[in-house]
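Asker: One structure is given below, represented as structure tokens, and several questions about it will come after.
The values are calculated or read from the model by the stated rules, or taken from the named source; none is laboratory data. The structure presented is a predicted model; accordingly, all values stated were derived computationally and were not measured. Ideal geometry is used to build each Cβ from the backbone, glycine not excepted, and the neighbour counts take in all protein chains shown. Only protein heavy atoms, including side chains, enter the accessible area calculation; ligands, DNA and RNA are left aside. Shrake-Rupley method; radii C 1.70, N 1.55, O 1.52, S 1.80 Å.
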Amino acid sequence: MSLLLVGTAAQAQVAPTVQSRLVYDAAFYAQFKPSTALDLIRETPGFALIDTNTRRGFAGAGGNVFVDGERPVAKSQTLSDILQRIPATQVLRIELLRGGESGADASGYAVIANVVSTPSAGAGVYQLGAEYAGRTPVPNGWASWSGRLGRTNYSLGANGYSLMRYLPGERALLDGTGALVGTREDRSPRSFYQVAFNGEVSRPMLGGQVRATGQVKFERYHHDSTTATRSLSGALTEFERDPYGYRKRTLESGIECDRPLGAWDLALSGLATRTHFTSDTSATHSTASGGVDSIFSQAQMQNSGESIVRATLARALGEHHRFEAGAEAALNTLGQQLALTLDFGAGPFPIPIANANLRVTERRGEAYLADTWTLGRWTLESRLTGEASRLSFTGDTDQSVGFAYVKPSIQLTRKLGASNQLRARLYRDVGQLDFTDFVSVASLADGRINGGNPDLKPETSWRAELAGDFRFAGDGALDLTLFHWWVSDTADLVPVGSPDKRIDAPGNIGPARVDGVQLTLRLPLKPLLKGASLNVAGTWQRSRVTDPLTGEGRGISGFADSALKVEFRQDLPRHRLAWGATYTDQPTLTFYRLAEIERAGASPSLDAWVETTALRSFKIRLTILSLLGQAQRRERTFFAPDRNGVVSEIERSAWHPGRWLNVTVSGNF
């Protein structure tokens, strides 16, 4: 197979064959002065990093990046964390594997980026910085070191992040007719700390290559929110204090062995993740005179775990034919203990909540067969996956339920010219279950119970996609995907509990449909601005479902109709300077509850930055984040007795995150 080679930072040259894969060598990225493999991935034309760990199973949760042809053996570690540990000096090239070019289990991703690296006798990279957001400046940064001892390659990393910010805001209280009846003032100083240590080691053994990874991560968050309610005359009528804090610890370890087995390539992998989470919150309500009349308190503890073993076998059946088979088994658990109390002054007494103290266990098995044929300019990929699982609940609910799904997939790819292609795909998808949807917890600041529902089933859908990937003007690229989903067992919010004590919880509300378009664009601006480019990544989609309460059509609760990120960058190598800006739009999310419609949206942001490499061995970056003067908004419309009734109250909130300054210094050691 011949390759599409990118020889310089200014010009991409296409090899004269339709069998090429897109390859961007290290020289292409030189103008960007990259420090890590993450910097290279972010500047790869026509590629958008999917840094996710929420997909079902092990392979699908790894995102759309391989390292040396292998999927990272991790789930709690993001792709950004993993790529950040690889110094840019160790990367030989980035390969874009499209359609059937991946030669591995792409797990539903149409485009995979493969980071091809070379072992190093010893290389390190670091970034140190600080953020100031009107309170105390707080540090953040990371460092990694990669080296080799004999036949053993290793990497070690550490990263830390912290913030101290304000979140002031105000609320307008309206009656059912829309008339203003009062106001509320919010103050919410908050702090967050996170530190993680990770590493990876690999060496030839057991007739192949063995890799082991691990991470330990700690998080801590706290806010001390207060809300003052005033009448139209400005007189204080109520005051509430709602401090909240959580602590979280995550441990993860993984191992993988790749080796030949006759004509086959065998991969065995195992992954174990354990998370411990605790939180404490209270809501102290005071009257206008200052006397405390009630105190709600909640203590929550969760322990969760995921254990996965996976095996795959693959072989080439001739020059243009590849077959692969695999199986996976997983054990997932979540245990929650929650205590909610109310004190009117005579001492606290417990408030029972259904499904607040629950243990959930899932045993799941999956197997698949995949076949890829390439005939001239055409590639046909077919895949058949079957899975079965059983969920068991003990505690507040004692029940067991089983699921079984068949997930076929077929994709046809047509190459156009030397580097363009069209793709058509039809497949069935099964949504990931979030175990926290099974357990209940109180939101004291909002005055509601977020219910858990053990009857929740995975959402399934048939999905059709038509995509085109086009390369132009040296490093220009356009990837455009049109899609339509036919959804069954749509995951939404449903009322649970007895008729006189119903609360909202995740549940299934029947069929839905989704239509959308996804765009990734890299546009060189060289005729106008030398060394400048524009990157656009956006998704626009529309969902429609029948509301089970009102019988009317609406969107799916919590469904993001749009996502947009626009990045401008100009590199001035002669001045050792680069500058740019990133605009990020935020969608408005709507939630349809039993007696409430909630709409919430964050402000779009404009992230302006400048960086210089004028100081030898250092890269200094200054970032100013502006929220464009717009507030983070939320509107809650309440109905009586439910959404079939009349509007009883409206609460409109606006919070002002403000601006913050971030300075970083990075380099190699």
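Asker: Take the conditions within 30 Å of residue 320 (Cβ to Cβ), open to solvent by less than 40 Å² (accessible area, probe 1.4 Å) and aliphatic (A, V, I, L, M) and apply them to residue 138. Does it pass?
Answerer: Against the criterion (within 30 Å of residue 320 (Cβ to Cβ), open to solvent by less than 40 Å² (accessible area, probe 1.4 Å) and aliphatic (A, V, I, L, M)), residue 138 does not qualify.
Asker: Determine if the range 195-207 includes at least one residue that is open to solvent by less than 30 Å² (accessible area, probe 1.4 Å) and at pLDDT 95 or above.
Answerer: yes
Asker: Further question: Can you find even one residue in the range 151-165 that is within 30 Å of residue 640 (Cα to Cα) and not in a strand (DSSP E or B)?
Answerer: no
Asker: Could you list, in sequence order, the residues of the range 85-108 that are at pLDDT 85 or above and either aromatic (Phe, Trp, Tyr) or touching a helix residue (DSSP H, G or I) at 6+ places or on another chain (Cβ under 7 Å) (or both)?
Answerer: Scanning the range 85-108 gives 86, 88, 91, 92, 93, 94.
Asker: Checking the condition within 30 Å of residue 341 (Cα to Cα), open to solvent by less than 50 Å² (accessible area, probe 1.4 Å), in a strand (DSSP E or B) and aliphatic (A, V, I, L, M), which residue from 267, 283 passes?
Answerer: Sole residue among the options that is within 30 Å of residue 341 (Cα to Cα), open to solvent by less than 50 Å² (accessible area, probe 1.4 Å), in a strand (DSSP E or B) and aliphatic (A, V, I, L, M): 283.
Asker: What's the number of the only condition in (1) farther than 16 Å from residue 300 by Cα; (2) open to solvent by less than 30 Å² (accessible area, probe 1.4 Å) that residue 338 fails to meet?
Answerer: For residue 338, the exception is condition (1).
Asker: Quick one: is residue 163 aliphatic (A, V, I, L, M), within 18 Å of residue 80 (Cβ to Cβ) and touching a Lys or Arg at 6+ places or on another chain (Cβ under 9 Å)?
Answerer: yes
Residue-by-condition table, conditions (1) in contact with a Ser or Thr (Cβ under 7 Å, 6 or more places away or on another chain); (2) farther than 20 Å from residue 49 by Cβ:
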{"residue": "465", "(1), (2)": "yes, no"}
{"residue": "474", "(1), (2)": "no, yes"}
{"residue": "487", "(1), (2)": "yes, yes"}
{"residue": "497", "(1), (2)": "no, yes"}
{"residue": "502", "(1), (2)": "no, yes"}
{"residue": "522", "(1), (2)": "yes, no"}
{"residue": "529", "(1), (2)": "no, yes"}
{"residue": "543", "(1), (2)": "no, yes"}
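Asker: Here is a further query. Scan 220, 241, 315, 247 and give me the residue that is more than 30 Å from residue 408 (Cβ to Cβ), open to solvent by 60 Å² or more (accessible area, probe 1.4 Å), in contact with a Phe, Trp or Tyr (Cβ under 7 Å, 6 or more places away or on another chain) and charged (D, E, K, R).
Answerer: 220
Asker: Where in the range 353-446 are there strands (runs of 3 or more DSSP E), lying fully within it, with 1 or more residues that are closer than 30 Å to residue 638 by Cα and open to solvent by 30 Å² or more (accessible area, probe 1.4 Å)?
Answerer: Passing ranges, in order: 441-443.
Asker: Looking at (1) modelled with pLDDT under 95; (2) open to solvent by 30 Å² or more (accessible area, probe 1.4 Å); (3) hydroxyl-bearing (Ser, Thr, Tyr), can you tell me which one residue 592 breaks?
Answerer: That leaves (1) as the condition not met.
Asker: Just to be sure I understand the filter: pairs with C-beta atoms under 6 Å, separated by 6 or more residues or on different chains, first member in the range 560-576 and touching a residue at least 12 places away in the same chain (Cβ under 8 Å) and within 30 Å of residue 492 (Cα to Cα), second member among the small types (Gly, Ala, Ser) and open to solvent by less than 40 Å² (accessible area, probe 1.4 Å). Which pairs pass?
Answerer: 564/538; 565/537
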